[in-house]
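Visitor: Pasting in a structure now, in structure tokens, and then I'll have a few things to ask.
The values are calculated or read from the model by the stated rules, or taken from the named source; none is laboratory data. In this text the structure is predicted, and so the values were computed from the model without any measurement. Methodologically, a virtual Cβ is constructed for each residue, glycine included, from the backbone with ideal geometry; neighbour enumeration extends over all protein chains shown. The accessibility values were calculated without ligands, DNA or RNA, using every heavy atom of the protein model including side chains. Shrake-Rupley method; radii C 1.70, N 1.55, O 1.52, S 1.80 Å.
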Amino acid sequence: MRSTVFILVILYLSVHSLCAQRDSIELLQEVYLSDELLTDFSKGIIVQKIADSTTLLFRPSLTATLRNTSPIYFRENGLSGVSSASFRGTNAAQTAVVWNGININSPLTGQTDFNVINATNFDAIDVRYTGAGVQYGSGAIGGTVHLSNELKFIPHTEQRIITSVGSFDHYRFNARTSFGKNGFSINTSFSVVDAENDYNLFRSDQRNENAAISHTTFQLAAGKLLGERHSIKFYHQTQESNREFAGRLFGNSYSPSNDSYKDTFLRNLIKWTYRKGHFSSTTSVAHLYEAYTFSSGADDTETSSEETLIGDGEANTSILRWKGDYRIPAKAKLSVIAEDNFTQASGLNIPVEQTRNLFSISVLGSHQLTQRLSYGVNFRQEFTPAFESPFLIGGDINYCVQKQIELTLSGSRNYRIPTFNDMYYGGAGGIGNPDLKPEESVQLNVGGSFDNEFMELSLNGFIINTTDMIQWFPLDNGLWSPVNIAETRQTGLEFIAATSREVGSGKLTGNATYGYTHAVNSSTLDRLIYVPAHMFNARIGYEIKRFSAFYHNLYTSKVFTTVDESFSIPGYDISNIGLNYTVVQGEYLNLTSQFITRNLFQKEYQVAGGFPMPGRSYQLQLIFNF
């Protein structure tokens, strides 16, 4: 009934807008990025933009891009294995991944695997350093990672092809094209990554067996300007991934594996935008589908190659959203968002098909009070029969001390809803808990930034308190089940720097990030697992004529792998270098060759217990732009 009323309200508001008088006209944008909430309501928030050229320096996964450019820690089960994020000391389900404005964290597990996302498929990758539950809903506690596709309606034709070969039988292909003319724009990408990942394990004669990965992604974004006031945009992504789960090495003891994991994602989003004067409205309809199978293969013999199904699941999510904006140019903006989110989940580990319906109302406002002072206030309330949702609030202040220096202050209340697995799991060894409550979090951020023509600097401090953390514990009958039990506290500092200047006949560039995080269980004061106290990465590059080179260093301190601090894996310090040469530099074609050496000094390290990462490796890459 609520969904029906919601649809009628949207139709009424849209028709009312169409029938309004034609007074002042605000022309539609010629270049459109898909996530307006990020650009319009983050003035008092640090947002780090990952340059498109930066994604070409690392392996294509989003894990590699963010590990080497931000203070986010990734727990990766060996190269290309399952990868989960720890942002500001929060867990994997407390970092939201936002695809073209839509939160795509799995309703089954609550998280996103960063190793199945190809960073080179997107026009913009942004990291927002604070909670954003009002804007993006469940899981946006530590921060958010934004993946956006750009539509350019100005006349243009752009194409890029990337092909590479590297150590451990690593092959990569990526093709992207962008076209715009007469108010129409289309942007497509197609990528394939295939790797055996069969590197030698340190201190062992064993190779990293059963660790292959293959994934394919197709993306499409298309849009049309319909006169001066209307536009329609469509976004699509199809993604298929096949992975083997590598064995584990503890000391000199190797435990082999023959498990494998396959998943499929289908994402569709359509937006209709209407603009008239200071008012605009956007009606969005999205459908997200995911499915996985987890299998154990038989031993490699000539007589048997069958697989045993361990678990599977699928989820269908339908989203209907209406967003209305009223803007006073250079002064203020007010947005109201109504959204209905319906999810259906089933599978071997969820024996009875389950559904969940979430309806939410959000109000977001930003105001340029004076030439130097601006602020924002945001609210969100969700309604669902499954559990009681907290009232969310967020606010930020930005003060410009002078032209180059800004001070920021922000705070928010955020949350994470229990996943379908948390509430309804019925597989081997465990049982879900339908009485779980959402995790709740309150945080405060204070920071400052400096920006001139040569350098950008930002420093940010944060504190996060989270209650009703969901953790799985053993029951008296031997099964594991989740309960709301833990309370955590995270404090820390983040520093981001970038510089660029002319040196001699060339250009010198540099980037660095540093993160300090102290994350503890508030009851025991033990450090949280897989949260390093220190993370630092820096890259320096020099470009002259057709040549360019870079050196990159990543340092991470030790992390605990058990909740009582009884086991840990040591920190590591690794270096990468690369050399680029523009082979062809013409009006219609640019061809650049790139050679990269990773882990230059052959350092032994792990980022997840029992899963050694590779030693020195090489990659040769060709980049065609035409």
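Visitor: PRE reach from R489 (point 7 Å along Cα→Cβ): which of region 109-142 fall under 19 Å by backbone N?
Guide: Of the residues in region 109-142, 142 have backbone N under 19 Å from the label point off R489.
Visitor: Would you please classify the overall shape of the chain from the alpha carbon gyration tensor, given that a ≥ b ≥ c denote the square roots of the eigenvalues, rounded means a/c under 1.5, and beyond that prolate means a/b larger than b/c while oblate covers the rest?
Guide: rounded
Visitor: Can you compute the FRET efficiency between I540 and D198 using 1/(1 + (r/R0)^6), with r the Cβ-Cβ distance and R0 = 22 Å? Round to the nearest 0.05.
Guide: For I540 and D198, the calculated efficiency is 0.10.
Visitor: Any chance you could check the Cα centroid distance between region 129-163 and region 338-356 for me, in angstrom?
Guide: First find each Cα centre; the distance between them is then 26 Å.
Visitor: Separate question: What are the ³J(HN,Hα) values, in whole Hz, obtained from phi via the Karplus relation 6.51 cos²θ - 1.76 cosθ + 1.60 with θ = phi - 60°, for each residue of region 351-365 in sequence order, with x given for Gly and Pro?
Guide: 3J(HN,Hα) across region 351-365, in whole Hz: x, 10, 4, 10, 10, 8, 10, 10, 10, 9, 10, 10, 10, 10, x.
Visitor: So what are the ³J(HN,Hα) numbers for region 606-614, from phi and the Karplus equation (6.51, -1.76, 1.60; θ = phi - 60°), rounded to whole Hz, Gly and Pro as x?
Guide: 9, 10, 9, x, x, 10, x, 8, x
Visitor: Need the full-extension length gain, A332 to N268, defined as separation in residues times 0.36 nm minus the C-alpha distance. One decimal, nm.
Guide: Going from the current span to full extension adds 19.9 nm.
Visitor: Expected output is a single nm value to one decimal: the length gained when fully extending between F234 and E453, i.e. 0.36 nm times separation in residues minus the C-alpha distance. What is it?
Guide: Additional length available on full extension: 75.1 nm.
Visitor: Please work out whether region 29-176 counts as rounded, prolate or oblate from its C-alpha gyration tensor, where a ≥ b ≥ c are the square roots of the eigenvalues and a/c under 1.5 means rounded, while otherwise a/b larger than b/c means prolate and anything else oblate?
Guide: Verdict is oblate for region 29-176.
Visitor: Under 24 Å between alpha carbons, and skipping anything fewer than 8 positions from K323 in its own chain: which lysines qualify?
Guide: Leaving aside lysines fewer than 8 places away in the same chain, those within reach of K323 are K43, K152, K224, K233, K271, K276, K331, K333.
Visitor: Which log10 I(q)/I(0) values, to two decimals, does region 80-159 give at q = 0.13 Å⁻¹ under the Debye formula with one point per Cα?
Guide: -0.42
Visitor: Ordered by packing density, taken as the mean number of other Cβ atoms within 10 Å over each peptide's residues, highest first, how do 184-192, 468-476, 413-421, 571-579 rank?
Guide: Averaged packing, sorted descending, gives the order 413-421, 184-192, 571-579, 468-476.
Visitor: Taking R0 as 22 Å, what FRET efficiency do you get between E502 and A549 from their Cβ-Cβ distance, rounded to the nearest 0.05?
Guide: After rounding, the FRET efficiency stands at 0.85.
Visitor: Another one. Toward the positive end of the charge dipole of the chain, about the Cα centre and with charges on Cβ (Lys, Arg +1; Asp, Glu -1), which of I45, T355, L579 goes farthest?
Guide: Of the listed residues, the answer is I45.
Visitor: What accessible area per residue comes out for region 248-337, rounded to a whole number of Å², with a 1.4 Å probe?
Guide: I get 51 Å² per residue for this part.
Visitor: Separate question: Which whole-Hz ³J(HN,Hα) couplings does region 278-285 yield from phi under the Karplus relation 6.51 cos²θ - 1.76 cosθ + 1.60, θ = phi - 60°, glycine and proline marked x?
Guide: 8, 10, 8, 9, 10, 9, 10, 10
Visitor: Spin-label point model (7 Å from Cα, Cβ direction): what's the E306 to K558 distance in nm?
Guide: Output for this residue pair reads 4.7 nm.
Visitor: Calculate the FRET efficiency for S253 and F595 from the Cβ-Cβ distance with a Förster distance of 35 Å, rounded to the nearest 0.05.
Guide: E(calc), rounded to 0.05, equals 0.40.
Visitor: How large is the dipole of region 180-268 about the Cα centre if only Lys and Arg carry +1 and Asp and Glu carry -1, each at its Cβ, rounded to the nearest 20 debye?
Guide: 620 debye
Visitor: Accessible area per residue, 1.4 Å probe, Å², for region 164-236: what's the number?
Guide: 42 Å²
Visitor: Using a probe of 1.4 angstrom, how much of the accessible area of the chain is carbon and sulfur, in percent?
Guide: 58 percent
Visitor: As an exercise, identify the GluC sites (Glu not before Pro) in region 284-368 lying in DSSP coil whose Cβ has no more than 12 other Cβ atoms within 10 Å.
Guide: In loop regions of region 284-368 (DSSP not H, G, I, E or B), the sparsely surrounded GluC sites (Glu not before Pro) are E302, E306.
Visitor: Hey, quick one: spin label on Y289, modelled 7 Å out along Cα-Cβ, who in region 227-241 has an amide N within reach, i.e. under 17 Å?
Guide: Backbone N within reach: 235-241.
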